[in-house]
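The values are calculated or read from the model by the stated rules, or taken from the named source; none is laboratory data. Just so we're clear, the structure is a prediction, and the values are computed from it rather than from any experiment. Ideal geometry is used to build each Cβ from the backbone, glycine not excepted, and the neighbour counts take in all protein chains shown. Just so you know, the surface numbers come from the protein's heavy atoms only, side chains and all, with ligands and any DNA or RNA stripped out. Shrake-Rupley method; radii C 1.70, N 1.55, O 1.52, S 1.80 Å.
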Amino acid sequence: MNRNTPAWRALPPKARRMASKVLGTLAVALLALAQTACAQRAGPEPRTPSAFVEDDLLHWNQPAVRANCPDRPGYLWVQPVEGPACIRYFASSDIDGARIAIVQFSGDRDSVMNQAPERIPGNTAPQRTLDAQRSRDRAGVPWIFMARPGTYGSSGDHGRRREPVEFHALDAALDALMQRHRLQRIVILGHSGGATAGAALLTMGRTRVACAVLTSGAYGLLERARLLGQSRDGRTDTTGSTQFYDPLDHVSGIARDPSRRIVLIGNPDDRNTPFALQERFGDAVAKAGHRVELRTHAAEPPLYHDLKDRIGLNTAALCAREAALQ
């Protein structure tokens, strides 16, 4: 009812108050109906990046449980000498039967491994898969991100990184991955601790590797820990372990393959993985008769450890495309 009409003014005060309440309630109801109608037309609200589905979250530093490791893409149940492991991987499209695919290992993640899963950046299966697809789109080559033990859903203890238990699990997982998806050859890409993992796999005799691109890798692990002031009595690496596996000590295990390229890229001012030890590893590989290149590249201050310009990704992509043409 219009409050400016003669009929409204003729009402007694009490009746006006009751009518005002009714009109107010009716207006609220009409507004709610309008909002509901708009929401139905627009569809459900998209989930924000901070909202997770529990099944999407990836758990860290967990034991290997067969029931949690189904026989389907994304999971690899393997049996290295130290015991069973479930290694997670996240792949782009068109990897089945690929002539060449890039397999990436991340660097160390000790700074986040004890956080709640929902607080770790990029820690869901959809996000890791999307990242693999984006890398594939940039590189033009099928792409697989393989999670190191204890990280991104893989079983194991990330605190025992650079021990044989880590590298044996990854080695067995690569065998299973290549068999499942019928991959002919791979390019290994790793940064920092991921580069050390890639180098270790080479020293374990891995074949069908077209190229290994290893950026800012850690070698000479005992000396590195001493230089960084992180060795206990000069006997441990930076994790406090005496059971580390140093690729520099096992260069003799690298399989002969004159067509394979090993590309080491680092920065001379690296304060995390000393470049002199990267050079030492490169020299040892060259003296053993393998094709190896040592390059320098610009890096982010102040540690000069993370290289600029996606140099690792770009080098691996170029190497993979060249290998596919051979």
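Before moving on, here are some points about what is shown:
- The number of residues in the stretch 100-147 being of a type outside the set (A, V, I, L, M, F, W, C), crowded, with 16+ Cβ neighbours inside 10 Å and assigned to a loop (DSSP other than H, G, I, E, B) comes to 6.
- Among the residues making up the stretch 175-191, those that are surrounded by fewer than 24 Cβ atoms within 10 Å (Cβ to Cβ) and either touching a helix residue (DSSP H, G or I) at 6+ places or on another chain (Cβ under 9 Å) or within 26 Å of Asp249 (Cα to Cα) (or both) are Asp175, Leu183, Gln184, Arg185.
- The criterion of being touching a Pro at 6+ places or on another chain (Cβ under 9 Å) and among the polar types (S, T, N, Q) does not hold for Ser135.
- Residues (touching a residue at least 12 places away in the same chain (Cβ under 8 Å) and touching an Asp or Glu at 6+ places or on another chain (Cβ under 8 Å)) located in the stretch 212-236: Ser216, Tyr219, Gly220, Leu221, Leu222, Arg224, Ala225
- Beta carbons closer than 6 Å, at least 6 apart along the sequence or on distinct chains, pair a first residue in the stretch 68-92 that is in a loop (DSSP other than H, G, I, E, B) with a second that is open to solvent by less than 30 Å² (accessible area, probe 1.4 Å) and modelled with pLDDT of 95 or more for Cys69/Cys86; Pro80/Ala169; Pro80/Ala172; Ser92/Ala132; Ser92/Pro142; Ser92/Trp143.
- Of Ile311, Ile254, Ile262, all but one fail to be in contact with a Lys or Arg (Cβ under 7 Å, 6 or more places away or on another chain) and either within 23 Å of Glu166 (Cβ to Cβ) or open to solvent by 30 Å² or more (accessible area, probe 1.4 Å) (or both); the exception is Ile262.
- Here Ala200 meets the list (1) under 22 Å from the mean Cα position of the chain (by Cα); (2) of a type in the set (A, V, I, L, M); (3) open to solvent by 10 Å² or more (accessible area, probe 1.4 Å) almost entirely, failing just condition (3).
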